[in-house]
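Only one structure is covered here, and it is reproduced in the block below.
The values are calculated or read from the model by the stated rules, or taken from the named source; none is laboratory data. Keep in mind it's a predicted model, so treat the numbers as computed, not measured. So basically every Cβ, Gly included, is an ideal-geometry build from the backbone, and we count neighbours across all protein chains shown. Just so you know, the surface numbers come from the protein's heavy atoms only, side chains and all, with ligands and any DNA or RNA stripped out. Shrake-Rupley method; radii C 1.70, N 1.55, O 1.52, S 1.80 Å.
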Amino acid sequence: MAASQLQNPLKTPSSQLSIKKHKPCFLKPRRLTVSAAHPHLNGRKLRVAVIGGGPAGSSAAEALASGGIETFLFERSPCTAKPCGGAIPLCMVDEFSIPHHLIDRHVTKMKIISPSNLTVDFGSKSLRAHESIPMLRREVLDAFLRTRAESAGAQLIPSLVTHLEVPSSSLSPYIIHHTVNNSRKTLAVDVIVGADGANSKVAKFIKAGNYTCAIAFQERIRLPDEKMEYYQNLAEMYVGNDVSPDFYAWVFPKCDHVAVGTGTVCGKQDIKMYQQGIKQRVKNKIKGGKVIKVEAHPIPEHPRPVRVRGRVALVGDAAGYVTKCSGEGIYFAAKSGRMCGEGIVRASEGGEWMISEDDLKREYLMEWDKKYVSTFRFLDLLQRVFYGSNEAREALVEVCGSEYVQRMTFDSYLYKKLAKGDRWEDLKMVFATFGSLIRCKIVGRDMAAFNL
């Protein structure tokens, strides 16, 4: 490619890039000792491309731009959004300044329904008066976060990234090939943040390794008013081999409809059969409803083997930050994007210095793992214990009937911290769990024998 065809912002004055200048709004870069391997960027700022405009990418772009870094946010389809249940933890509303008018529903009641239709009310007694689970639509949240990133100074590029040229030296730029309205363009940057989802192209280009993916499938169904009234502040979770062999199915309320869906890892080829299973379980509750949208999307099951390589970092689904057991990803996507962006700002001292792979690992990856790796491991254990058979799922629902279990669950979910409980209550909970597992396995064998 001729040099004249290469759009290289590393040599282009900022005035020609039409990037708004904003003062950092919440980041204060800390001083670091910079060696000769981290040269000062005379006459310009560090330039970072964020690929993917969901919660992870937009949060990273906002942090970067607010910290004084020239930021490019690539999003191929700004008008669409990833299929998603739409639940977020309560702490995210304040932590990420989510306007209340974006929230469709404040769920204060949940029902968990076992394979035998044992139903446990989850939250009616254990939620505090000010607590709820906010429900929103991803297309609304994503658009808001992208707009806020732009307001902070990020330049939104509605474009499909097709290829990345990896530099041969620690100081050479990454070249991003992308298409805009069928026109091929290139852009050179110092650092890349990959926030492009479970099928991340960025991860493939840096050989970040594979991971197991689940598939989530849901239908948005507009219900008659009297049916919708039932789900006004109620969410339902169903477990059983008929709705998923290794996960759960859901009915989540939206603004004027409900999302009915399921997910699985090992039974992806049968996902439509499991979707019919959940619709059969709730047929009386959604009778007369009209399907207005059908959605499906891959969901990562564990972090990638490599999340930082060179001057490229992965965040959100691209990094594999979706929890087992609950399948939650919105908060961890936004949080990982913000932590990565803030880490780059710190390492570069507000965009004044070049950064390295070691900087990204120290300022982002190690901080992330220190904060959240125990949470991911604990939820992985819970999924292994309770989602493997119908007998274990019966035990899960039985255990969830404990008000103490519910309170500990909400403290951990709503505030994104492993809750510290009472030791005596914890011990009783462990014995009750073992008792439920033993009892339900015996019941399960009896039921199987009866069916024969």
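Here is how the numbers come out for the structure above:
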| read-out | value |
| --- | --- |
| Selected residue (criterion: modelled with the highest pLDDT) from residues of region 241-259 that are part of a loop (DSSP other than H, G, I, E, B) and within 14 Å of Leu136 (Cβ to Cβ) | His257 |
| Pairs where the first residue, in region 145-156, is farther than 13 Å from Gly52 by Cβ and the second is open to solvent by 10 Å² or more (accessible area, probe 1.4 Å), C-beta under 6 Å, 6+ apart | Arg148/Glu62; Glu150/Leu156; Ala152/His22; Ala152/Glu62; Gly153/Lys20; Gly153/His22; Gln155/Ile19 |
| Output for region 269-308, where each listed residue is under 30 Å from Lys207 (Cβ atoms), open to solvent by 30 Å² or more (accessible area, probe 1.4 Å) and in a helix (DSSP H, G or I) | Gln269 |
| Residue tally, condition closer than 12 Å to Leu223 by Cα and touching a helix residue (DSSP H, G or I) at 6+ places or on another chain (Cβ under 8 Å), over region 258-306 | 7 |
| Residue check, Ser356 modelled with pLDDT of 85 or more, farther than 30 Å from Met110 by Cβ and hydroxyl-bearing (Ser, Thr, Tyr) | yes |
| Neighbours by Cβ (under 6 Å, 6+ apart or cross-chain): first from region 113-130, touching a residue at least 24 places away in the same chain (Cβ under 8 Å) and β-branched (Val, Ile, Thr); second in a strand (DSSP E or B) and exposed (fewer than 15 other Cβ atoms within 10 Å of the Cβ) | Ile113/Thr119 |
| Residue within region 228-246 that is open to solvent by 20 Å² or more (accessible area, probe 1.4 Å) and β-branched (Val, Ile, Thr) present | no |
| Options Gly320, Gly316; residue that is under 22 Å from Tyr364 (Cα atoms), open to solvent by less than 30 Å² (accessible area, probe 1.4 Å) and in contact with a His (Cβ under 8 Å, 6 or more places away or on another chain) | Gly320 |
| One residue from Pro78, Pro89 being touching a residue at least 60 places away in the same chain (Cβ under 8 Å) and either touching a Pro at 6+ places or on another chain (Cβ under 7 Å) or buried (at least 22 other Cβ atoms within 10 Å of the Cβ) (or both) | Pro78 |
| Subset tally (residues that are under 29 Å from Ile103 (Cα atoms), touching a helix residue (DSSP H, G or I) at 6+ places or on another chain (Cβ under 8 Å) and assigned to a strand (DSSP E or B)) for region 144-193 | 2 |
| Options Gln280, Gln269, Gln275; residue that is over 22 Å from Glu139 (Cα atoms) and more than 25 Å from the chain's Cα centre (by Cα) | Gln280 |
| Wholly within region 346-420, helices (runs of 4 or more DSSP H) carrying at least 1 residues that are touching a Ser or Thr at 6+ places or on another chain (Cβ under 7 Å) and surrounded by fewer than 15 Cβ atoms within 10 Å (Cβ to Cβ) | 403-415 |
| Set Val189, Val260: member being buried (at least 18 other Cβ atoms within 10 Å of the Cβ), under 26 Å from Ser336 (Cα atoms) and either more than 19 Å from the chain's Cα centre (by Cα) or β-branched (Val, Ile, Thr) (or both) | Val189 |
